[in-house]
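One structure below.
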Amino acid sequence: MKLTKLNPTQLLDQAQIRWNTIGADQPDLLQTIALQRPLVERTIRTVDSLSGKEPLMQISMSDLVDKLERGIPALREEVVTLPVNLLRPLVEEACKDLARGESGKAAERVRSCLDSGRIDIGSLLTASFNRNQIAIRMKAMQEGIAPDVLWLASELAVGPLAYVTVRSLFTLDRVRISELWPHGYCPACGSWPAFAEDLPGRSHLRCSFCGLDWPKRSEKCNYCGESSNLTAVKTDPSCPHRVELCSKCGAYLKWLEVSDPTPFELLPVEDLASFSVDVMAAEQGFGRPTLPDLGEPNRPPCEAMEEAT
Ligand SMILES: [Zn+2]
Ligand SMILES: [Zn+2]
């Protein structure tokens, strides 16, 4: 996995340059940029503050290889103790920031639900770290709050920790990953890729939760494995990006042409910069799929969310 070489100041500068360009090219995204700015800035600060800390988990190379051969992402089935006191304010701040956007009222309700202590933060963060969307969705519905906002707020808090963990854990080179991992979901955390990056001479998929890049091994649909129903579309002749649409499963994959791999902290910025591709895919009836079903959760969702209350 490629390490982030830029320091926080350089990352902020790079983000600012990109936001300026995106805002100039797509003025209708200015409000979204204003909403994204504090979230990205917090991710940059959090990654920096976590970087010197003791790794959250360790796994031997033989155990890692064994898991990957069985199709199990590296972070799955590991018992970890998350630094809840460090992450708790990040969830609260994420809710505060989200409350300024389109889902403002929903974010406020999530925040007051968290403030009331009706959701155990430790269990919430663990469910997010384990990519257990079912547990978070069920708990949100039980509390009458928006599942997507609860999912996003916890993901924003835990993502930097997942990134720092995977960075120290995942030392396999891309050839070895390619040999071991034919799947479309992330070999570290099990998420679908946010997009794929076309670089000079190579390409790879990118996970926006843990930041890992890994090779797309097959020419088939990244999600369902079909090939006969896959079409690649160029969105706009002047735009370097393209999109793969699968009429079998209805999902799409964005391909971004970049000169260097996007630093983890700036993945949401590039996702936003290529928003026109998402719009084009949505207009044609295609969507981003929900998380892959890997047979989780091991425990009933409510128990997982309430064990520490
Ligand atoms: Zn991942
Ligand atoms: Zn498909």
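The values are calculated or read from the model by the stated rules, or taken from the named source; none is laboratory data. All values reported here derive from a predicted model rather than from experimental measurement. All Cβ positions, even for glycine, are placed from backbone atoms using ideal geometry, and neighbour counts span all protein chains on display.
Quick check on segment 51-60. Is at least one of its residues more than 16 Å from ligand 1 (Cβ to nearest atom) and not in a loop (DSSP other than H, G, I, E, B)? Let's see the steps before the verdict.
To start, the set of residues in segment 51-60 that are more than 16 Å from ligand 1 (Cβ to nearest atom) comprises 51-55, 58, 60.
Imposing the further condition that a residue be not in a loop (DSSP other than H, G, I, E, B) reduces the set to none.
Within segment 51-60, none of the residues are more than 16 Å from ligand 1 (Cβ to nearest atom) and not in a loop (DSSP other than H, G, I, E, B).
Somewhere in segment 155-164, is a residue surrounded by fewer than 23 Cβ atoms within 10 Å (Cβ to Cβ), modelled with pLDDT of 95 or more and either within 12 Å of ligand 1 (Cβ to nearest atom) or under 25 Å from Gly71 (Cα atoms) (or both)?
Scanning segment 155-164 turns up at least one residue that is surrounded by fewer than 23 Cβ atoms within 10 Å (Cβ to Cβ), modelled with pLDDT of 95 or more and either within 12 Å of ligand 1 (Cβ to nearest atom) or under 25 Å from Gly71 (Cα atoms) (or both).
Would you mention how many residues in segment 283-293 are more than 18 Å from the chain's Cα centre (by Cα) and either crowded, with 21+ Cβ neighbours inside 10 Å or within 16 Å of ligand 2 (Cβ to nearest atom) (or both)? Walk me through how you get there before you give the answer.
Looking only at segment 283-293, we keep the residues that are more than 18 Å from the chain's Cα centre (by Cα), and these are 283-286.
With the extra rule that they be either crowded, with 21+ Cβ neighbours inside 10 Å or within 16 Å of ligand 2 (Cβ to nearest atom) (or both), the set shrinks to 284-286.
Total meeting the criteria: 3.
Of the residues in segment 69-98, how many are within 30 Å of Arg176 (Cα to Cα), crowded, with 16+ Cβ neighbours inside 10 Å and touching a Lys or Arg at 6+ places or on another chain (Cβ under 9 Å)?
Qualifying residue count, segment 69-98: 4.
Residues of segment 219-248 being under 23 Å from Asp271 (Cβ atoms) and part of a loop (DSSP other than H, G, I, E, B), which ones? Give the steps one after another, and end with the answer.
Of the residues in segment 219-248, the ones under 23 Å from Asp271 (Cβ atoms) are 221-224, 230-246.
Those that are under 23 Å from Asp271 (Cβ atoms) and part of a loop (DSSP other than H, G, I, E, B): Cys221, Asn222, Tyr223, Cys224, Thr235, Asp236, Pro237, Ser238, Cys239, Pro240, His241.
Does segment 75-87 contain any residue that is in a helix (DSSP H, G or I), within 16 Å of ligand 1 (Cβ to nearest atom) and under 23 Å from Leu152 (Cα atoms)? So that I can check it myself, show each step before the final result.
Kept after step one, since they are in a helix (DSSP H, G or I), are these residues of segment 75-87: 84-87.
Subset that is within 16 Å of ligand 1 (Cβ to nearest atom): none.
No, segment 75-87 contains no residue that is in a helix (DSSP H, G or I), within 16 Å of ligand 1 (Cβ to nearest atom) and under 23 Å from Leu152 (Cα atoms).
Taking only pairs six or more apart or across chains, which ones have beta-carbon atoms under 7 Å, a first residue in segment 251-266 that is without any contact (Cβ under 8 Å) to a residue 60 or more places away in the chain, and a second residue that is part of a loop (DSSP other than H, G, I, E, B) and within 16 Å of ligand 1 (Cβ to nearest atom)?
Qualifying pairs under 7 Å: Ala251/Tyr223; Ala251/Arg288; Ala251/Pro289.
In segment 204-229, what residues are more than 15 Å from ligand 1 (Cβ to nearest atom) and among the hydrophobic types (A, V, I, L, M, F, W, C)?
Cys221, Cys224
Being in contact with a helix residue (DSSP H, G or I) (Cβ under 7 Å, 6 or more places away or on another chain) and not aromatic (Phe, Trp, Tyr) narrows it down to one of Leu50, Leu64, so name that one.
Working: Leu64 fails: in contact with a helix residue (DSSP H, G or I) (Cβ under 7 Å, 6 or more places away or on another chain).
The conditions single out Leu50.
Do we find a residue being of a type in the set (Val, Ile, Thr), within 14 Å of ligand 2 (Cβ to nearest atom) and either surrounded by fewer than 20 Cβ atoms within 10 Å (Cβ to Cβ) or in a helix (DSSP H, G or I) (or both) anywhere in segment 175-198?
Pass one, segment 175-198, residues of a type in the set (Val, Ile, Thr): 175, 177.
Those left that are additionally within 14 Å of ligand 2 (Cβ to nearest atom): none.
No, segment 175-198 contains no residue that is of a type in the set (Val, Ile, Thr), within 14 Å of ligand 2 (Cβ to nearest atom) and either surrounded by fewer than 20 Cβ atoms within 10 Å (Cβ to Cβ) or in a helix (DSSP H, G or I) (or both).
Which of the residues spanning segment 176-191 are closer than 15 Å to Leu294 by Cβ and either near ligand 1 (Cβ under 9 Å from one of its atoms) or of a type in the set (Val, Ile, Thr) (or both)?
Tyr185, Cys186, Pro187, Ala188, Cys189, Gly190, Ser191 - these are the residues of segment 176-191 that are closer than 15 Å to Leu294 by Cβ and either near ligand 1 (Cβ under 9 Å from one of its atoms) or of a type in the set (Val, Ile, Thr) (or both).
Mind checking which helices (runs of 4 or more DSSP H) fall wholly inside segment 88-168 and carry at least 1 residues that are farther than 25 Å from Gly190 by Cα, in the same structural domain as Thr32 (by TED's automatic domain parsing) and in contact with a Cys (Cβ under 7 Å, 6 or more places away or on another chain)?
Hits in segment 88-168: 104-115, 133-143.
Out of the residues in segment 243-272 that are surrounded by fewer than 19 Cβ atoms within 10 Å (Cβ to Cβ) and charged (D, E, K, R), state the one that is farthest from Glu219 (Cα to Cα).
Asp260
Has segment 14-34 got at least one residue that is of a type outside the set (Gly, Ala, Ser), touching a helix residue (DSSP H, G or I) at 6+ places or on another chain (Cβ under 7 Å) and closer than 20 Å to Pro83 by Cβ?
no
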